[in-house]
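Undergrad: This is the structure I have questions about; it appears just below.
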Amino acid sequence: MLKEKKMYIDGSWTDSIKGEKIEIINPATEEFFSTVPKAKREDVKKAINAAEKAFSGWSRLTSIQRGRYLRQASENVAKKSREIAELMTKEEGKPLDEAEGEVMKGADILRYYAEEGERVYGRIIENEEKNIKSKVIYQPIGVAGAISPWNYPVELLAWKIAGALAAGCTVVAKLPSETPLSPLAFIGCIAQTDLPGGVLNAVTGSGSEIGPVITGSPKVKKIAFTGSTAVGKQVLRNCVDSFKKVSLELGGSLPMIVCEDSQMDKAVEGATYRSYRNMGQICIAVNRIYVHENIYEEFLKKFARKVKSLSIGNGLKGKPDLGPMCTEDGLEKTKEHINDALNKGAQLVYGGEKPKGEEFQKGYFFKPSILRDVNHDMLVMNEETFGPLVGVMPFKDLDEAIELANDTNYGLAAIGYTESLCKSKRLTKEIQAGNISLNNPSPGVINAPYGGWKDSGFGHEHGPEGLEEYLLTKHVREKYFD
Ligand code: NAD
């Protein structure tokens, strides 16, 4: 058995104190293929104590010294990228090349924050009084709790771990129960750098049972959480008593606006990529597409043709465009959103069923699906489906498109396609979301801040802002005598 199938606490690979296990299922075959420990409260407390003890030594290193660990970790991850990707495809379902791309992004962010850590400078501020200067310095906040979901099991964890370690914090990570193996292997690569014991700890187990041990502990000074809005609210409530610094990357309901003057083929390509990549199980998956009424029919025709051409299969065999969904619950929710829309008058343009064939008898496979004639009373247009489903609706003018895009409690990201400078400016300014992508379908990049508005949360990951989340600001007023 690989040592990375255990938890990592205080520099050792360990089982749960009670010996309980969680079973891991392959969503392409529905077979159990592995287990990880099911932590109890005592295991998590042990991890928090180890992180607290290690903080003093780790935070006293210079950022250049910490950066050496992170750079080495990045190289270790890159060397094992295929191996980690295979675990990810087996537990999450995404095609192998895509999984490897995700692992390499994990390697990349370790390298990026090794560098960004060296750029935490501080400021010197002139005072009115003679011989007095104000200095602003930044210090690591302490033990950081990192809680991440299953859909991007390595990348979303890496954003947190890399920023926290670079800032000088120690970490207790709570890994997703559906997909713990690839993140454990990723953590193994960081541990291999001879990282001092206790600096990085990872526990596996039930979120509702052990999550609150981390969020409620006064020893943990910062929580970085990515997950659903409902759980995000519980996390925030649990952080109140100990006044923790919190960042929440929550759900979304991403609108895409296709203006009449857009390059249609590029918009169709972008919509296909961003609606169905990872079977729509991305917080920034396109959920709702608003197309100018004069090009609505043409867009739907081209979009359906492109979506029909996507291949589906077990991500470990061949090179399918799409794998299975990760969970049966996710599949059921997608079907529920389709039925809800059909009952309220929408029409199915494509999909809505399992693909046919022997190889799809088992596994959470589903065809990428498109609905037309949708409205905002339908779940597909007002709730996050988190599945391979998109609703397409016409609009008359940009005022209406922007109003529809903003008609949601979420505010994570939006996408616009237009050739007009003026329309681009309006989309940029008037859409209420933390990330806007114009004429491209990817509103996230590691060296620029990524975060949501409204019910999509607050705080940032990526960029210098992602590092600031792990720092406290201190003002020092110094007087010099002549
Ligand atoms: P989830 O909220 O169910 O779980 C997220 C993590 O929280 C898991 O590790 C889970 O075990 C843990 N958890 C559960 N209950 C907890 C509690 N009471 N206290 C502390 N931790 C607890 O989400 P999920 O189903 O794993 O992931 C899907 C959701 O994540 C979607 O809503 C999606 O939009 C969101 N997401 C957001 C982003 C973003 O950047 N905004 C990125 C990816 C996913």
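Undergrad: Yes or no: region 199-212 includes at least one residue that is part of a helix (DSSP H, G or I) and closer than 21 Å to residue 70 by Cβ.
TA: Checking region 199-212: not a single residue is part of a helix (DSSP H, G or I) and closer than 21 Å to residue 70 by Cβ.
Undergrad: Now for a separate question. Across region 447-473, what is the total count of residues that are charged (D, E, K, R) and either touching a Phe, Trp or Tyr at 6+ places or on another chain (Cβ under 7 Å) or at pLDDT below 95 (or both)? Can you show your working first?
TA: Within region 447-473, the subset charged (D, E, K, R) is 454-455, 461, 465, 468-469.
The next check asks that each one be either touching a Phe, Trp or Tyr at 6+ places or on another chain (Cβ under 7 Å) or at pLDDT below 95 (or both); those that pass are 454-455, 461.
Selection size over region 447-473: 3.
Undergrad: Filter region 425-482 for residues that are under 16 Å from residue 167 (Cα atoms) and in a strand (DSSP E or B) and give the result.
TA: 461, 471, 472, 473, 474
Undergrad: Filter region 205-257 down to the residues that are crowded, with 21+ Cβ neighbours inside 10 Å, more than 25 Å from residue 40 (Cβ to Cβ) and within 11 Å of the ligand (Cβ to nearest atom) and list them by number.
TA: Across region 205-257, the qualifying residues are 247, 248, 249, 250, 251, 252, 253, 254.
Undergrad: If a residue has to be more than 16 Å from the ligand (Cβ to nearest atom), surrounded by fewer than 24 Cβ atoms within 10 Å (Cβ to Cβ) and in a loop (DSSP other than H, G, I, E, B) to count, how many in region 169-197 make the cut?
TA: 6
Undergrad: Can we say residue 68 is touching a residue at least 24 places away in the same chain (Cβ under 8 Å) and basic (Lys, Arg)?
TA: Against the criterion (touching a residue at least 24 places away in the same chain (Cβ under 8 Å) and basic (Lys, Arg)), residue 68 qualifies.
Undergrad: Between 431, 446, which is over 28 Å from residue 403 (Cα atoms) and crowded, with 20+ Cβ neighbours inside 10 Å?
TA: Numbers: 431 fails: over 28 Å from residue 403 (Cα atoms).
That would be 446, the only listed residue that is over 28 Å from residue 403 (Cα atoms) and crowded, with 20+ Cβ neighbours inside 10 Å.
Undergrad: Turning to a different aspect of this structure: Just one of (1) buried (at least 21 other Cβ atoms within 10 Å of the Cβ); (2) outside the structural domain of residue 8 (by TED's automatic domain parsing) trips up residue 260, so point out which.
TA: Only one criterion in (1) buried (at least 21 other Cβ atoms within 10 Å of the Cβ); (2) outside the structural domain of residue 8 (by TED's automatic domain parsing) is unmet by residue 260, namely (1).
Undergrad: If I filter region 288-307 for residues that are under 18 Å from the mean Cα position of the chain (by Cα) and within 16 Å of the ligand (Cβ to nearest atom), do I get at least one hit?
TA: The answer is no, given that none of the residues of region 288-307 is under 18 Å from the mean Cα position of the chain (by Cα) and within 16 Å of the ligand (Cβ to nearest atom).
Undergrad: Let me ask another. Only one residue in 271, 267 is in the same structural domain as residue 440 (by TED's automatic domain parsing), at pLDDT 95 or above and within 20 Å of the chain's Cα centre (by Cα). Which one?
TA: None of the others qualify; the one that does is 271.
Undergrad: Scan 37, 95 and give me the residue that is surrounded by 23 or more Cβ atoms within 10 Å (Cβ to Cβ) and more than 18 Å from residue 157 (Cβ to Cβ).
TA: On inspection, the qualifying residue turns out to be 95.
Undergrad: Looking only at region 250-268, which residues are under 15 Å from residue 392 (Cα atoms) and either touching a residue at least 40 places away in the same chain (Cβ under 8 Å) or β-branched (Val, Ile, Thr) (or both)?
TA: Matches in region 250-268: 253, 254, 255, 256, 257, 258, 259, 267, 268.
Undergrad: While we're here: Out of 465, 469, I need the residue that is within 15 Å of the ligand (Cβ to nearest atom), crowded, with 22+ Cβ neighbours inside 10 Å and among the charged types (D, E, K, R). Which one?
TA: None of the others qualify; the one that does is 469.
Undergrad: Here is a follow-up. In the list 377, 407, 399, which residue meets the criterion of being touching a His at 6+ places or on another chain (Cβ under 7 Å) and not aromatic (Phe, Trp, Tyr)?
TA: Checking each option against the conditions leaves just 407.
Undergrad: Answer yes or no: is there a residue in region 260-276 that is within 10 Å of the ligand (Cβ to nearest atom) and outside any strand (DSSP E or B).
TA: No, region 260-276 contains no residue that is within 10 Å of the ligand (Cβ to nearest atom) and outside any strand (DSSP E or B).
Undergrad: Still on this structure, I have one more. Got a sec? Which of 157, 165 is closer than 20 Å to residue 47 by Cβ, within 14 Å of the ligand (Cβ to nearest atom), buried (at least 24 other Cβ atoms within 10 Å of the Cβ) and among the hydrophobic types (A, V, I, L, M, F, W, C)?
TA: 157 is the lone residue from the list that is closer than 20 Å to residue 47 by Cβ, within 14 Å of the ligand (Cβ to nearest atom), buried (at least 24 other Cβ atoms within 10 Å of the Cβ) and among the hydrophobic types (A, V, I, L, M, F, W, C).
Undergrad: Next question. Report whether or not residue 157 is part of a helix (DSSP H, G or I) and either closer than 24 Å to residue 34 by Cβ or not small (Gly, Ala, Ser) (or both).
TA: Against the criterion (part of a helix (DSSP H, G or I) and either closer than 24 Å to residue 34 by Cβ or not small (Gly, Ala, Ser) (or both)), residue 157 qualifies.
The values are calculated or read from the model by the stated rules, or taken from the named source; none is laboratory data. Note that this is a predicted model, so its numbers are computed, not measured. When we count neighbours, we look across all protein chains shown, and the Cβ atoms used for this are built from the backbone with ideal geometry, even at glycine.
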